[in-house]
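The values are calculated or read from the model by the stated rules, or taken from the named source; none is laboratory data. Note that the structure is predicted; figures quoted are calculated from it, not measured. Every residue, glycine as well, gets a Cβ built from its backbone with ideal geometry; the counts of neighbours run over all protein chains shown. Keep in mind that these areas ignore ligands, DNA and RNA; they rest on the heavy atoms of the full protein, side chains included. Shrake-Rupley method; radii C 1.70, N 1.55, O 1.52, S 1.80 Å.
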Amino acid sequence: MQSIYNTLTRSKEALQPLVPGRVSMYVCGPTVYDFFHVGNARTFTVFDMVYRWLTASGYEVNYARNVTDIDDKIIERANQNGEPIDALTERMTAAMHEDFDRLKLLRPSHEPRATRHIEGMLDIIRMLEEKGIAYRAPNGDVYYAVRAFEGYGKLSRKNPDDLRSGERVPVDTNKRDPLDFALWKAAKPHEPQWPSIFGGGRPGWHIECSAMCRAVLGERIDIHGGGWDLQFPHHENEIAQSEGALGHAFVNVWMHAAFLNFDAEKMSKSLGNFFTAREVLNKLNPVRGGEEVRFFLLRGHYRSEINYTWEALTDAANSLMGLYRVLKDVPPIDAAIDWNHPFAARFKTAMEDDFDTPAAYTVLYELRDEVRKSGSGELAGLLRAL
């Protein structure tokens, strides 16, 4: 049975889908103001692996990965470029798809875009206001009242009383409490805006995912994923919004992929220590490069930090080529995998233990060595299938 580490409970749990045989999964996707970096690529590759494995395990997976196409960074970059916001986001979304394809990422079942779900966002904000959890500020913004939601901080293990104003949350005199966050931002000159009962404006970042997830997957889902850094405030705020509005649990299992580091420091655009996935891919073989990057990103367990170096990437590429050389004369086999075979059973056990790709890779290496020694066509076929 599939077990998954649930960030909410800090423990491994057996996957128990809301609907037997079907899994709903939402993953926070990129903000399309620039090329995504290779640290982001780790998160997207991890959840592509999860999608593939659950599907291979017989589940019908309804997978949504959103596109954030309106936020402060997008507005700022479009202004810097002197181009319309729509032109920027369309161009960067196309580039995103190109790089996803090079990384061999499967297209999700749904790819909702924030600007196409404004009404859904406004509906949630309206419900929150009716319940007294959201309020209209003097400046025209609408804020979420954090202390009105019991259990705020349960995902990130942060106590609201311990969070200091100005540390992670900017001070804003329009808020009743420094911890409150924007659900709706009043219209400003030269910014995109939509009409609403709260006045013209645009959504806050956090409300976007609550609305898109509800629209494409429903009010309660099996798995919600993203990078480790999204636990707070983004995913904490998603819980507060969705559960505050709907009055019931939002997500059964929260999954978070650990950081990809560079020089032992988290890779991020804010720190300026990043390489875009496109930069990395452009340095590699155009045919195999995407698979080499995937192989590198999945060699470490998704909950363990890994360090990016060119040497580490090259080593992963060489290991992958070692597998390919064994298989170069082995044709594809359409037959189903015999999961009772010792090697296959060990591979499955590893993957069912919270997607333990390092242990699964070890099985592949041992199977490769056995194929080299025995020349067995049966084992070679199993290696290719796995």
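Looking only at the range 11-21, count every residue that is in contact (Cβ under 8 Å) with a residue 60 or more places away in the chain and either open to solvent by 70 Å² or more (accessible area, probe 1.4 Å) or in contact with a Pro (Cβ under 8 Å, 6 or more places away or on another chain) (or both) and tell me the total. Residues flagged as in contact (Cβ under 8 Å) with a residue 60 or more places away in the chain and either open to solvent by 70 Å² or more (accessible area, probe 1.4 Å) or in contact with a Pro (Cβ under 8 Å, 6 or more places away or on another chain) (or both) within the range 11-21 amount to 3.
Check the range 116-132 and report whether any residue there is open to solvent by less than 50 Å² (accessible area, probe 1.4 Å) and at pLDDT below 95. There is no residue in the range 116-132 that is open to solvent by less than 50 Å² (accessible area, probe 1.4 Å) and at pLDDT below 95. The residues on offer are 245, 312, and the sole one that is modelled with pLDDT under 95 and in a helix (DSSP H, G or I) is 312. Out of the residues in the range 50-62 that are in contact with a strand residue (DSSP E or B) (Cβ under 9 Å, 6 or more places away or on another chain) and outside any helix (DSSP H, G or I), state the one that is surrounded by the most Cβ atoms within 10 Å (Cβ to Cβ). This residue is 61.
Taking the listed residues 247, 199, the one that is of a type in the set (Gly, Ala, Ser) and under 30 Å from residue 60 (Cβ atoms) is 247, with no other qualifying.
Of all the criteria given as (1) open to solvent by 30 Å² or more (accessible area, probe 1.4 Å); (2) among the small types (Gly, Ala, Ser); (3) in a loop (DSSP other than H, G, I, E, B), the one not satisfied by residue 94 is (3).
Residues of the range 123-165 being assigned to a helix (DSSP H, G or I) and in contact (Cβ under 8 Å) with a residue 40 or more places away in the chain, which ones? Scanning the range 123-165 gives 123, 124, 125, 126, 127, 128, 146, 148.
Going by the conditions given, is residue 304 modelled with pLDDT of 95 or more, surrounded by fewer than 19 Cβ atoms within 10 Å (Cβ to Cβ) and either more than 24 Å from the chain's Cα centre (by Cα) or in a loop (DSSP other than H, G, I, E, B) (or both)? Answer is yes for this residue. Within the range 345-356, is even one residue hydrophobic (A, V, I, L, M, F, W, C), farther than 20 Å from residue 48 by Cβ and in contact (Cβ under 8 Å) with a residue 12 or more places away in the chain? The answer is no; no qualifying residue exists. Just checking, does the range 328-340 include any residue being surrounded by 14 or more Cβ atoms within 10 Å (Cβ to Cβ), part of a helix (DSSP H, G or I) and not polar (S, T, N, Q)? No: zero hits.
To keep it simple, each residue is scored yes or no on (1) in a loop (DSSP other than H, G, I, E, B); (2) farther than 22 Å from residue 205 by Cα; (3) touching a residue at least 12 places away in the same chain (Cβ under 8 Å).
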position: 48; (1), (2), (3): no, yes, yes
position: 64; (1), (2), (3): no, no, yes
position: 106; (1), (2), (3): yes, yes, yes
position: 121; (1), (2), (3): no, no, yes
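Filtered by the rule that a residue be aliphatic (A, V, I, L, M) and farther than 14 Å from residue 301 by Cα, the range 34-58 gives 38, 41, 54, 56. Looking at the range 267-279, can you tell me whether even one residue there is open to solvent by less than 10 Å² (accessible area, probe 1.4 Å), touching a helix residue (DSSP H, G or I) at 6+ places or on another chain (Cβ under 7 Å) and modelled with pLDDT of 95 or more? The answer is no; no qualifying residue exists. Apart from one condition, residue 141 fits all of (1) open to solvent by 20 Å² or more (accessible area, probe 1.4 Å); (2) more than 24 Å from the chain's Cα centre (by Cα); the exception is (1). Picking from residues in the range 144-165 that are open to solvent by less than 50 Å² (accessible area, probe 1.4 Å) and of a type in the set (Gly, Ala, Ser), the one that is modelled with the lowest pLDDT is 151.
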